[in-house]
Amino acid sequence: MTDQMTAVPTDLGSGAGVADPDPDADGLLLDGVVKTYGGARPALDVPRLHVPAGSFTVLVGPSGCGKSTALRVSSGLETPTRGRVLLGGVDVTSTPAAGRGVAMVFQDFALYPHMTVEQNVGFGLRLEARHRPRRGLRGGAGPLNKAEIRRRVTGACELLGLGGLLERRPAQLSGGERQRVGLARAIVRRPRVLLLDEPLSALDAQLRQQARAELVRLHRELGNTVVMVTHDQLEALAMGTHLIVMNGGRVAQAGPPTDVYHRPADPFVATFVGSPPMNIAPMATTDAGRTFDAPGRRVRLDHPVPGLGASGSSTVLLGWRPGDGVIGGPAEADRPSAPGLAVEATADVVEFAGDAVVVHLTGDGMRAAVTVPARGSWPAVGDRVTVTVPAERLHLFDPADGRRLPAVGA
Ligand code: ADP
Ligand code: MG
């Protein structure tokens with residue numbers, strides 16, 4: 001038996017401790033998990049929420065969508081109303097938080113004000129040594145004695161650049177340093193899975209940027225599984241190797257950040273991820289999806305949209321990213337020269353953003369934004385402009401259920 005197995009108590013229900021037959025079940029898996037707090041709608045309702053082993057997974061979504069609930073259920077601080085929690089294929093649903101080999105860092109770090117950095121970081125280990133000296137967490141070779149605790153605390157503090165601050169108290173630390181103490185306290189226990197609930201939200205913008213890179217480096221050095229919660233989609237895109245976008249207690253889409261960005265599953269994901277958000281508006285077709293028309297806008301495709309006529313619908317939600325629009329060319333809204341979208345509109349608000357300019361457009365009851373590089377020239381407020389988007393950069397969604405429709409122009 002390895003340390004890892006001894007960390008799981010043996011008095012579990014049936015099936016506990018037995019490897020799951022699903023080979024995908026490495027890492028962390030919420031299997032059919034529902035968590036209801038008594039409200040009409042569950043706070044969390046996920047047929048399958050999978051965190052790949054060794055990944056830096058980011059749970060992202062608007063406030064109240066169930067991110068913290070997912071973390072608390074994973075850590076064991078909360079019991080699911082229904083469903084199972086699996087870690088490395090082992091059912092830990094009824095394993096207490098302390099026995100899961102999982103550590104959680106909260107938004108406010110919650111350091112003990114009267115303890116030094118060293119005491120704060122070592123607190124969990126001292127507790128563990130007192131109550132369960134033989135149950136080391138993963139990597140815990142040998143018993144947890146004073147020397148071992150000191151060795152681990154010093155190691156974690158060195159790794160996080162806290163080496164010179166061991167004797168300080170939290171009040172004598174900056175926000176960024178306190179955040180690193182919170183992290184050190186979690187990693188010192190050598191968790192298989194590190195759960196971070198909005199760990200950067202207390203930091204100011206500049207420190208936050210720096211802390212992002214530190215977290216990514218830390219993950220690389222530890223080689224364990226990290227699940228981080230944020231409501232900031234740019235942070236999610238920047239940091240995650242795996243993204244889980246949540247909405248209303250459910251998983252809206254999961255996958256690598258580039259997939260989520262380039263192939264959003266529905267209009268919610270399309271507009272939540274990306275800045276400025278994707279432009280989306282309904283457009284109607286009269287020829288089964290070969291062309292779409294609206295005042296000031298026209299789309300021409302090489303092939304009709306598969307299945308569009310079959311569902312009886314003649315309308316799609318048409319989306320395009322602000323960065324995929326190209327300003328200029330002749331006014332060709334009526335007859336685009338290549339398959340794609342052509343829009344004629346007026347520049348309404350122009351935002352200079354350093355290396356790019358965001359031009360907000362209005363016209364014929366439509367609003368959209370286009371991002372252009374800030375080299376060369378860009379439209380002035382009031383200018384009439386034509387924007388084109390190539391067909392392969394268009395996104396089509398079914399207006400009935402939001403489902404992404406097959407690739408266009410293919
Ligand atoms: P997020 O972290 O994404 O902002 P949470 O997981 O904290 O969202 O909350 C999801 C939903 O569950 C929210 O509607 C919230 O009000 C509700 N909720 C969370 N915790 C509790 C609780 N202890 N009691 C009752 N409702 C809760
Ligand atoms: Mg939360």
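The values are calculated or read from the model by the stated rules, or taken from the named source; none is laboratory data. Please read these numbers as outputs of a predicted model, since none were measured by experiment. Every residue, glycine as well, gets a Cβ built from its backbone with ideal geometry; the counts of neighbours run over all protein chains shown.
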Residues of the stretch 302-317 that turn out to be at pLDDT 85 or above and out of contact with any Leu (no Cβ under 8 Å at 6 or more places or on another chain), as a count: 1
Yes/no for P191 being over 20 Å from the mean Cα position of the chain (by Cα), buried (at least 22 other Cβ atoms within 10 Å of the Cβ) and away from ligand 2 (no atom under 16 Å from the Cβ): yes
Flag for L160 being buried (at least 19 other Cβ atoms within 10 Å of the Cβ), of a type outside the set (V, I, T) and within 16 Å of ligand 1 (Cβ to nearest atom): no
Failed condition for G39, given (1) of a type outside the set (S, T, N, Q); (2) modelled with pLDDT of 95 or more; (3) away from ligand 2 (no atom under 13 Å from the Cβ): (2)
Only listed residue being in contact with a Cys (Cβ under 6 Å, 6 or more places away or on another chain) and either assigned by TED's automatic domain parsing to the domain that holds S74 or closer than 16 Å to A110 by Cβ (or both), chosen from G176, G155, G163: G163
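For (1) in contact with a helix residue (DSSP H, G or I) (Cβ under 7 Å, 6 or more places away or on another chain); (2) over 21 Å from Y261 (Cα atoms), each residue gets a yes or a no:
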{"residue": "V349", "(1), (2)": "no, yes"}
{"residue": "M366", "(1), (2)": "no, yes"}
{"residue": "V372", "(1), (2)": "no, no"}
{"residue": "S377", "(1), (2)": "no, yes"}
{"residue": "D383", "(1), (2)": "no, yes"}
{"residue": "T388", "(1), (2)": "no, no"}
{"residue": "E392", "(1), (2)": "no, no"}
{"residue": "H395", "(1), (2)": "yes, no"}
{"residue": "P399", "(1), (2)": "no, no"}
Members of the stretch 260-282 found to be over 14 Å from the mean Cα position of the chain (by Cα) and either part of a loop (DSSP other than H, G, I, E, B) or farther than 18 Å from H395 by Cα (or both), listed by number: R263, A265, D266, S275, P276, P277, M278
Criterion: under 12 Å from T346 (Cα atoms), at pLDDT below 95 and buried (at least 20 other Cβ atoms within 10 Å of the Cβ) - qualifying residue of V389, V370, V385: V385
Criterion: surrounded by 18 or more Cβ atoms within 10 Å (Cβ to Cβ), at pLDDT below 95 and not small (G, A, S) - qualifying residue of V60, V8: V8
Hits in the stretch 368-404 - residues which are closer than 20 Å to A342 by Cα and in contact with an Asp or Glu (Cβ under 6 Å, 6 or more places away or on another chain): T386, V389, R393
Which numbered condition M104 misses (of (1) surrounded by fewer than 22 Cβ atoms within 10 Å (Cβ to Cβ); (2) assigned to a strand (DSSP E or B); (3) without any contact (Cβ under 8 Å) to a residue 60 or more places away in the chain): (3)
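Quick grid of which residues meet (1) touching a residue at least 60 places away in the same chain (Cβ under 8 Å); (2) of a type outside the set (G, A, S); (3) not assigned by TED's automatic domain parsing to the domain that holds I149:
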{"site": "P42", "(1), (2), (3)": "yes, yes, no"}
{"site": "V46", "(1), (2), (3)": "yes, yes, no"}
{"site": "R100", "(1), (2), (3)": "yes, yes, no"}
{"site": "A110", "(1), (2), (3)": "yes, no, no"}
{"site": "H114", "(1), (2), (3)": "no, yes, no"}
{"site": "Q119", "(1), (2), (3)": "no, yes, no"}
Out of V60, V73, sole residue that is within 16 Å of ligand 2 (Cβ to nearest atom) and under 20 Å from A186 (Cα atoms): V73
Filter result for G27 (on the phi > 0 side of the Ramachandran plot and more than 8 Å from ligand 1 (Cβ to nearest atom)): yes
Filter pass, A211 being within 21 Å of P191 (Cα to Cα), over 10 Å from the mean Cα position of the chain (by Cα) and more than 16 Å from ligand 2 (Cβ to nearest atom): yes
